[in-house]
Structures are given as structure tokens and as C-alpha cells.
């Protein structure tokens, strides 16, 4: 009993030494801070639980991506355009500038036939091109007649050939074509192979007038043979080459140009190509002369010309040949 009383007294004394505990501190809560903290945790939890989804950029509404197309060559539905031939001619408007078809001629009447031709090929016609006899009756014309000038594609030219009607009555046709610098013939028409022509009707004159016959050939005034070089002059009344007085010369020779050979009439000389037959005095009397130049690419050896000199003498000239840059001619002048 005594022990129990002592234990109680000890417990009471211990409690008195400890004293009353201090009052607990009051905590004040900040509502704004709590709200931000809560949002921060919620946001962090949200991102931690989300799975990354790849983004896709959509094209703007109303647009489209073009699909590439293949380049294809469409086969031609027709035939390729044919290439225009180099040498081709067509009839001009009109083609018969002089002497239309059926022109009436007296026997032996001389005339000049002129055609108008158009270059419808792809090549230029040069002075090496010529009008050449093709078939029919030549009507006593020189068979090769070089063009007087160049003709570009699409252009026209008038070409003239001196002719003579036959002595016999009847209808005659002389067919002609063009030839290129190589001597290859070509003509008109769709295929470029048709000739152009002169067609005349020879009838006797109503009143036959006797043609004076040359019974006496005048004596020979002068004959000679000479060689002509480039730019040489010749006096057919004296037979001199390059005389001191050029006003007395009859012809001038030029070589090496275009065309290759040119004979030019000087100081009133007139002449005409006659052919390969040697003309007589009477033949040259009946010839129609002109003062035109005579040109050729290849020397027409054996060709005769009739002429009337600057002094009025009638004569004939023969083109004999060409060698070493010299043209050889012989001539005979009547008194």
C-alpha cells in the first residue's frame, strides 16, 4: 500500500515539471497558389499520359496536285511534204509574150519569139542556164540561148529567141526547154518535163513579090584569123587586135566571168548567130541583126556569125575553138 502511494506521488510530480504544451500554430492557405499548383500537376500528369501522334499537313481546300503526263509523239496522219525540186519552171502570165499560137507568117519571115517563164524550183537560175531547142522544127534559130540574167525562185523572166519561118507553106511547131548549168534539160508542167513552143502558120503572100537575087558576091575586103585573150578588142575592118584607137573596134571579148565567155558589140556593130553552116553573102544580107552581146559557157566550136561592121561592111565570123585562155576566131569581111 505504501508502495502504491509513492508511485502516484511520483507520477504527479513529473506531470507538474512538464507543463502545458504550447498552442498549435494556425496555417493560412493561399488560394491562388493552391490553384496554380493544382493546374501544374494536372498539366504534368496530362503530358505524361499522352502518346505522341504525328502531325499531317493537309493541302489547302480547293487545291490539287497535278499528275505528270507522258510526252507522246502522235504518228503523222498524212504523207510528208515533198521537197521542191531544184530546177522546175512554170508558164508565166501570159507565157506567150509575143507570137501567140497560130500566128500567120509569110515564107522566110523573121520574128522574135518571147516566152515568160516562172522559176518554181528551189534553185536560182544563173546565166549558165539557157533556153535550148528540144524537138520539132528549129525555125532556123540558134539552138542554145543563155538567159540574160539571174532568176531567183518565185520570180519570172522573159526569154527571147530569134526565128525564121520556113519557105514552104504549112503549120510548124518548135519545142523548147530550159537547161541548167550542167546541161540537164527541164521544162514546165506538173512534172517539170513538158516543153514550151512557138507555133506558126506559114502561108504564101497574096501578091508574090519577086525577091531580088544576089547574083554577084562582092569581092572580099579582108580575111584573117586571130586569138583573143581576156579583155581584148578586135577591129573587123582592119583585122587588128587591140588597136590604138578603140573607137574603131568592133567587138570586145571577156573571159572568166559569169557566163564564162562574152562577146560584146562595139561602136555600132550588129550581128546574129547563123549556125554551123557557112553563110554566103546572100545569107548574111537576109539575116536580122542586133547589137546584143553573145555569151556562152562552153565554146560553140564551128558556129558562124553574120555581122555588119562599124564601118558598114558585111561579113561572117567563125568561132574555131578555145585553148590556153585564148579564143580563136576567123573572119571574112566583104567590100
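FYI, it's all coordinate maths here, none of it is from the lab. As the structure is a prediction and not an experimental result, all values here were calculated from the model. Cβ placement follows ideal geometry from the backbone for every residue including glycine, while neighbour counts extend to all protein chains displayed.
Label-to-label distance, residue 205 versus residue 267, with points set 7 angstrom from Cα along the beta-carbon direction: 3.6 nm. Taking 0.36 nm per residue of sequence separation and removing the Cα-Cα distance, the residue 109/residue 191 pair yields an extension gain of 26.0 nm. With neighbours defined as other Cβ atoms within 10 Å of a residue's Cβ, the residues 123, 306, 284, 86 order from fewest to most as 86, 123, 284, 306.
For region 101-257, a/c is not less than 1.5, where a ≥ b ≥ c are the root eigenvalues of the C-alpha gyration tensor, and a/b does not top b/c. That puts it in the oblate class. Shape of region 183-335 from its Cα gyration tensor (a ≥ b ≥ c, root eigenvalues): rounded if a/c is under 1.5, otherwise prolate when a/b > b/c, or oblate? Oblate. With neighbour counts taken as other beta-carbon atoms within 10 Å, the residues 144, 333 rank, fewest first, as 144, 333. Between residue 328 and residue 247, the simple label model (points 7 Å from Cα in the Cβ direction) yields a spacing of 3.6 nm. Counted residue by residue at 0.36 nm each, then reduced by the alpha carbon distance between them, the extension gain from residue 255 to residue 225 reaches 8.9 nm.
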